[in-house]
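Remarks on the structure that follows.
The values are calculated or read from the model by the stated rules, or taken from the named source; none is laboratory data. Here the structure is a predicted model, which is why all the values come from computation and not from measurement. Don't worry about glycine lacking a Cβ; one is built from the backbone with ideal geometry, like all the others, and counts go over all protein chains shown. In case anyone asks, the SASA skips ligands and DNA or RNA and just uses the protein heavy atoms, side chains included. Shrake-Rupley method; radii C 1.70, N 1.55, O 1.52, S 1.80 Å.
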Amino acid sequence: MAVKSSAIGTRRPLTIAIDGPAGAGKSTVARQVARALEYTYIDTGAMYRALAWTVHHNGVPTDDVDAVVTVADELDVRLMPGDTDEFTTRVFVGDDEVTESIRTPAISQLTSALSTIPGVRVRMVDAQRRMGLGGGVVMEGRDIGTVVLPSADLKVFLTASPERRAKRRQAELAERGIAIPYDTLLREIVERDTRDASRDVAPMVPAADAHILDSDPYTASEVVQQIVNWHEEALARG
Ligand code: DC
């Protein structure tokens, strides 16, 4: 698998792992933390989504595990910082920009299903570890603190209530002109959480040494500030 990502800046590099369920605000927060610290932001969910998009786009049978793993082997993903005011990553598969098309509810469900395949995870984890090697990264996903970067300098597990996450997803989709009923999103979130948390390989659980942060009572900037403070403490600890 070939993956490239562009650095936002450089600084004395620590590694920061931000994990948590869908819609807890991880992407917004992780990207803002990366911007504040001039670190590289890596959205690992976008890599799994790019795989699902490719499988779907090429008509690969989704139950043919070997064929899906071959797609993972050959996947050529590029992650690039989005516009300054937008906290999205631009995602390319080969020459195709898939930034928008990997975010549909159908691709979300397919991504969650394909990410349970051990052969897929091995390839993703390998690529993600290589991206984290030099430090100076904020890597966001489900298994970063537990599997991908178990010795990350700072680990955060960001949660929020399913209701708040469904509302947030609805607002994000509405901004892109996609109207999905709240109840549907809530059901999908709960389904996806259950599958992500109960799969055999790398289930979504907080690392033993992660800071668990419930974002419900806080604004995104307050959450960012808390993580930046923890980063300063980690730096001071050396
Ligand atoms: O963060 P996201 O919603 O874009 O992630 C999409 C799916 O990818 C999610 O259902 C679980 C999977 N995923 C994963 O299994 N491991 C990761 N490190 C990141 C995402």
Worksheet item: Just for the range 191-203: of the residues that are in contact with a helix residue (DSSP H, G or I) (Cβ under 6 Å, 6 or more places away or on another chain) and in a helix (DSSP H, G or I), which one is most open to solvent (accessible area, probe 1.4 Å)?
Response: R195
Worksheet item: Hey, among the residues in the range 169-183 that are more than 19 Å from the chain's Cα centre (by Cα) and in contact (Cβ under 8 Å) with a residue 12 or more places away in the chain, which one's most open to solvent (accessible area, probe 1.4 Å)?
Response: R176
Item to complete: Answer with yes or no whether L186 is more than 14 Å from the ligand (Cβ to nearest atom), outside any loop (DSSP other than H, G, I, E, B) and touching a residue at least 24 places away in the same chain (Cβ under 8 Å).
Response: yes
Practice prompt. Test each condition in (1) assigned to a loop (DSSP other than H, G, I, E, B); (2) open to solvent by less than 50 Å² (accessible area, probe 1.4 Å) for D63 and report the one that comes out false.
Written response: (2)
Discussion item. I'd like to verify a number: residues in the range 32-55 that are free of Cβ contacts under 8 Å to residues at least 60 places away in the same chain and either buried (at least 21 other Cβ atoms within 10 Å of the Cβ) or within 14 Å of the ligand (Cβ to nearest atom) (or both), how many?
Written reply: 5
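Any chance you could count how many residues in the range 229-238 are loosely packed, with under 14 Cβ neighbours inside 10 Å and not basic (K, R)?
Filtering the range 229-238 for residues loosely packed, with under 14 Cβ neighbours inside 10 Å gives 229, 232-233, 236-238.
From what is left, the residues that are not basic (K, R) are 229, 232-233, 236, 238.
Count: 5.
Among the residues of the range 81-91, is any among the β-branched types (V, I, T) and either loosely packed, with under 15 Cβ neighbours inside 10 Å or away from the ligand (no atom under 12 Å from the Cβ) (or both)?
Of the range 81-91, the ones among the β-branched types (V, I, T) are 84, 88-89, 91.
From the residues that got through so far, the ones that are either loosely packed, with under 15 Cβ neighbours inside 10 Å or away from the ligand (no atom under 12 Å from the Cβ) (or both) too are 84.
Taking every residue of the range 81-91 in turn, at least one turns out to be among the β-branched types (V, I, T) and either loosely packed, with under 15 Cβ neighbours inside 10 Å or away from the ligand (no atom under 12 Å from the Cβ) (or both).
Quick check, is L154 within 15 Å of the ligand (Cβ to nearest atom), open to solvent by less than 20 Å² (accessible area, probe 1.4 Å) and not small (G, A, S)?
Details: within 15 Å of the ligand (Cβ to nearest atom): no; open to solvent by less than 20 Å² (accessible area, probe 1.4 Å): yes; not small (G, A, S): yes.
No: the conditions fail for L154.
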Fill in: Number of the condition not met by P206 [criteria: (1) in contact (Cβ under 8 Å) with a residue 60 or more places away in the chain; (2) surrounded by fewer than 14 Cβ atoms within 10 Å (Cβ to Cβ)]
(2)
Worksheet item: Among the residues of the range 126-143, is any in a helix (DSSP H, G or I), of a type in the set (A, V, I, L, M, F, W, C), closer than 17 Å to G20 by Cα and out of contact with any Lys or Arg (no Cβ under 7 Å at 6 or more places or on another chain)?
Response: no
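Residues are listed down the side, and each one gets a yes or a no for (1) modelled with pLDDT of 95 or more; (2) within 15 Å of the chain's Cα centre (by Cα); (3) among the polar types (S, T, N, Q); (4) part of a loop (DSSP other than H, G, I, E, B):
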site	(1), (2), (3), (4)
R11	no, no, no, yes
I18	yes, yes, no, no
A22	no, yes, no, yes
A50	yes, yes, no, no
H56	yes, no, no, no
